[in-house]
1. Report, in deg cm²/dmol and to the nearest 500, the calculated mean residue ellipticity at 222 nm for the chain, where each DSSP H run with n ≥ 4 adds -39500 (n - 2.57) and the sum is divided by the residue count.
2. Rounded to a whole number, what % of the accessible area of the chain do carbon and sulfur atoms account for, probe 1.4 Å?
3. Accessible area per residue of segment 1-112 at 1.4 Å probe, in Å²?
4. Within segment 86-176, what is the number of lysine pairs with alpha carbons under 14 Å apart, leaving out pairs fewer than eight places apart on the same chain?
5. On a C-alpha basis, how far is the centre of segment 130-170 from the centre of segment 2-74 in Å? Whole number, if you could?
6. Enumerate by residue number the chymotrypsin sites (Phe, Trp or Tyr not before Pro) in segment 1-91 meeting two conditions: DSSP loop (anything except H, G, I, E, B), and at most 12 other Cβ atoms within 10 Å of the site's Cβ.
7. Using a/c under 1.5 as the rounded threshold, could you call segment 3-44 rounded, prolate or oblate? The axes a ≥ b ≥ c are square roots of the C-alpha gyration tensor eigenvalues, and prolate needs a/b larger than b/c, oblate otherwise.
8. So, with +1 on the Cβ of K and R and -1 on the Cβ of D and E, and no other charges, what is the size of the charge dipole of the chain about its Cα centre, to the nearest 20 debye?
Amino acid sequence: MSTTETQAVPTGTWSVDKVHSNIGFAVDYMAGTFTGTFSDFDASLTDGVLKGAAKVASVQVKDENLAGHLQSPDFFDAERNPELTFESKSVDVDGDKVKIDGEITIKGHTEPVEITGVFTEPFDDPFGGTRLGLKLEATVDRDKFGVSWNNPLPSGEPALSNEVTIIADLQLSKQA
């Protein structure tokens, strides 16, 4: 029999350290995994509520033409929907595990999402501050957000999976 002991999320305001954090995605494509990141993002944890946003125009992939295609209505439709956003409804910490329920908005459409990951308890950093860590993953069905472009293989199967893993590796610093 196991016992779980839910811990309280640290209070106060914690802001993302953008230099030491990343937000990105991974999706199966043909015989491998296609990945990308967002260079312009923000995140905060304030009294138990995690919020985040990423600017669609900041998506980074290995091909400039593909980066442009991701901005188009086939994918993120950056002109009409310049940001992806997230807000938690609950954040539950159990040891070093974290489960977050919330809502994510992609391409102007909001869906519930469950995020799981690893929680690093607050500690004093070498710069005189206090920080905590969150390594998070969630899987969403991109089709639910109207991101339904695909390129069929000769067999008729889609080349690009509908299941997308969203990845956030966050270091958050306590604000005075």
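1. The helix-only estimate for the chain comes to -1000 deg cm²/dmol at 222 nm.
2. Whole-percent figure for carbon plus sulfur exposure: 50.
3. Working: 6430 Å² over 112 residues.
Using a 1.4 Å probe on heavy atoms only, each residue of segment 1-112 averages 57 Å².
4. Going through segment 86-176 pair by pair, I get 4.
5. What the calculation gives is 11 Å, centre to centre.
6. Sites meeting the loop and neighbour criteria: none at all.
7. Oblate shape, in that a/c is at least 1.5 and b/c is the bigger or equal ratio.
8. The calculated dipole for the chain is roughly 240 debye.
The values are calculated or read from the model by the stated rules, or taken from the named source; none is laboratory data. Here the structure is a predicted model, which means the values were calculated and not measured. Here Cβ is always computed from backbone atoms with ideal geometry, including for glycine, and neighbour counts include all displayed protein chains. Each accessible area value is taken on the protein alone, full model and side chains, heavy atoms only, with ligands, DNA and RNA left out. Shrake-Rupley method; radii C 1.70, N 1.55, O 1.52, S 1.80 Å.
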